Amino acid sequence: MLGEPSVRLLHEALALVFSEVVESPRPASGPGLRSDLAGVIEPRIISAGFQWSRSFPTHVTYGFTLYSPGGEPVASWAVTGSNSEPIANPLAAVSALRGKFEQAMREAAWKLTSGFRDIPEVRRWLDEQGVR
């Protein structure tokens, strides 16, 4: 429910931040990694869940590690999206959870794109890449 939609969503979000996004089967350097890449971002789902209550609050937390082309870690951070809007019909809660998770995922992706340059290590890495 979260894996493949997260991959698509994060690919779209990172495409807003970078001029080109290339998927790689490896998190850091290694055979098959293009030599013209400035870095590699490894995303992962740290946690996702909901509470069994009237509003069924949901959350998704993504973790990210930025690596240099040589495979050295540059920065690690996490973003969380949540949704606590009430569900009008408790009998429809199970089907409503999918939409609540999608909204939480979109909020986390927005936090990734809007706060990317606010991470000190990322800002330093961008400066080293000549990005202003």
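Observations, loosely collected:
- Counting the residues of segment 62-100 that are more than 21 Å from residue 42 (Cα to Cα), in contact with a Ser or Thr (Cβ under 6 Å, 6 or more places away or on another chain) and surrounded by 14 or more Cβ atoms within 10 Å (Cβ to Cβ) gives 3.
- Residue 129 meets all of the listed conditions (1) over 14 Å from the mean Cα position of the chain (by Cα); (2) in contact (Cβ under 8 Å) with a residue 40 or more places away in the chain; (3) more than 24 Å from residue 19 (Cα to Cα) but one, namely (3).
- Members of segment 1-21 found to be of a type in the set (Gly, Ala, Ser), modelled with pLDDT of 90 or more and over 9 Å from the mean Cα position of the chain (by Cα), listed by number: 15
The values are calculated or read from the model by the stated rules, or taken from the named source; none is laboratory data. Everything numeric here is computed off the predicted structure, so don't read it as measured data. Don't worry about glycine lacking a Cβ; one is built from the backbone with ideal geometry, like all the others, and counts go over all protein chains shown.
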